[in-house]
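Here the structure comes first, spelled out in structure tokens, and everything after it is commentary.
The values are calculated or read from the model by the stated rules, or taken from the named source; none is laboratory data. Just so it is clear, the model here is predicted, and its values are computed rather than measured. Don't worry about glycine lacking a Cβ; one is built from the backbone with ideal geometry, like all the others, and counts go over all protein chains shown. The area values use the complete protein model at the heavy-atom level, side chains included, leaving out ligands, DNA and RNA. Shrake-Rupley method; radii C 1.70, N 1.55, O 1.52, S 1.80 Å.
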Amino acid sequence: MVNVQMEETWKGQLAEEFRKPYFEQLTAVVRQEYRTTTCYPPGRLVFNAFNLCPFGQVKVVIIGQDPYHEPGQAHGLSFSVQDGVPFPPSLQNIFKEIEQDLGVPVPPSGDLTRWAEQGVLLLNATLTVRAHQANSHATLGWQTFTDAAIRALASRREHLVYMLWGGFARSKAYMIDQSRNLVLESVHPSPLSANRGGWFGQHQFSRCNQYLQQNGIEPIRW
């Protein structure tokens, strides 16, 4: 991709990926998709997760599958919606668990930019999607790119917290050295999974902050 609009430290970490044939093909297909159909998030926000959370400032990684696919929702951060948009069910359950775990009231906005700016990399494995069609861009090559980002963190950073929710995110655990990082695995916060058990009461957010503090890192204000 020529002139990738990405935060400089991430751009440096992923420079090799930009030169690979799969990324050139991915870029061409995604550009065509955006020209010919409605896609999310807006083009300028495709790399929002990276732009808000530079490589050296990452403390926590939360992996989602692909962007929300309805109007006004997606803005390049996993599980996050734009200000004023009703909370999707998974985000409702995330906020409920934070309230139970830490006593933090459910916020008025589902915009998680405030997390990203504190060092939470809200990374969707697939960075774009067609309107109304979940996982419609899942096979285009984005996962090769986002796996490279996870591998870069796993090999060059330590004392990070990886929150892997649901089978898809948990499938990424093999890339992470658990002797140098904390991996918190659970079911997905979607009602289908969460209501069967394994989401509520896991205290992931307090465990995350405890680990960060034990390693001299400022905790997240969830």
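Taken over the range 37-61, the residue count meeting the criterion of being assigned to a loop (DSSP other than H, G, I, E, B) and more than 26 Å from TYR211 (Cβ to Cβ) is 6. A single entry from ASN93, ASN181, ASN124 fulfils the requirement of being polar (S, T, N, Q), in contact with a strand residue (DSSP E or B) (Cβ under 8 Å, 6 or more places away or on another chain), within 24 Å of LEU212 (Cβ to Cβ) and touching a residue at least 40 places away in the same chain (Cβ under 8 Å): ASN124. Filter the range 165-185 down to the residues that are in a strand (DSSP E or B) and in contact with a helix residue (DSSP H, G or I) (Cβ under 7 Å, 6 or more places away or on another chain), then identify the one that is most open to solvent (accessible area, probe 1.4 Å). Across the range 165-185, the extreme among qualifying residues is GLU185. Restricting SER90, SER80 to those that are in contact with a Pro (Cβ under 6 Å, 6 or more places away or on another chain), open to solvent by less than 40 Å² (accessible area, probe 1.4 Å), small (Gly, Ala, Ser) and closer than 27 Å to GLU218 by Cβ reduces the list to SER90. Go through the residues of the range 186-194 one by one and say whether even a single one is hydrophobic (A, V, I, L, M, F, W, C), over 19 Å from the mean Cα position of the chain (by Cα), within 25 Å of ASP66 (Cα to Cα) and open to solvent by 90 Å² or more (accessible area, probe 1.4 Å). Taking every residue of the range 186-194 in turn, at least one turns out to be hydrophobic (A, V, I, L, M, F, W, C), over 19 Å from the mean Cα position of the chain (by Cα), within 25 Å of ASP66 (Cα to Cα) and open to solvent by 90 Å² or more (accessible area, probe 1.4 Å). Is one or more of the residues making up the range 105-113 of a type outside the set (Ser, Thr, Tyr), part of a helix (DSSP H, G or I) and either out of contact with any helix residue (DSSP H, G or I) (no Cβ under 9 Å at 6 or more places or on another chain) or surrounded by 15 or more Cβ atoms within 10 Å (Cβ to Cβ) (or both)? Scanning the range 105-113, I find no residue that is of a type outside the set (Ser, Thr, Tyr), part of a helix (DSSP H, G or I) and either out of contact with any helix residue (DSSP H, G or I) (no Cβ under 9 Å at 6 or more places or on another chain) or surrounded by 15 or more Cβ atoms within 10 Å (Cβ to Cβ) (or both), so the answer is no.
Within the range 14-36, the residues that satisfy the criterion of being surrounded by 12 or more Cβ atoms within 10 Å (Cβ to Cβ), in a helix (DSSP H, G or I) and not aliphatic (A, V, I, L, M) are GLU17, PHE18, TYR22, PHE23, GLU24, GLN25, THR27, ARG31, GLU33, TYR34. Look through the range 206-222, keep the residues that are outside any helix (DSSP H, G or I), touching a residue at least 12 places away in the same chain (Cβ under 8 Å) and under 17 Å from ASP101 (Cα atoms), and return whichever of them is most open to solvent (accessible area, probe 1.4 Å). For the range 206-222, the residue satisfying everything is ARG221.
Only one of the numbered conditions (1) closer than 16 Å to PHE55 by Cα; (2) in a helix (DSSP H, G or I) is not met by HIS159, and that is (2). When GLN5 is tested against (1) open to solvent by 60 Å² or more (accessible area, probe 1.4 Å); (2) in contact (Cβ under 8 Å) with a residue 24 or more places away in the chain; (3) part of a helix (DSSP H, G or I), only condition (3) is not met.
Picking from residues in the range 147-162 that are more than 20 Å from GLY216 (Cβ to Cβ) and in contact (Cβ under 8 Å) with a residue 60 or more places away in the chain, the one that is surrounded by the most Cβ atoms within 10 Å (Cβ to Cβ) is ALA149.
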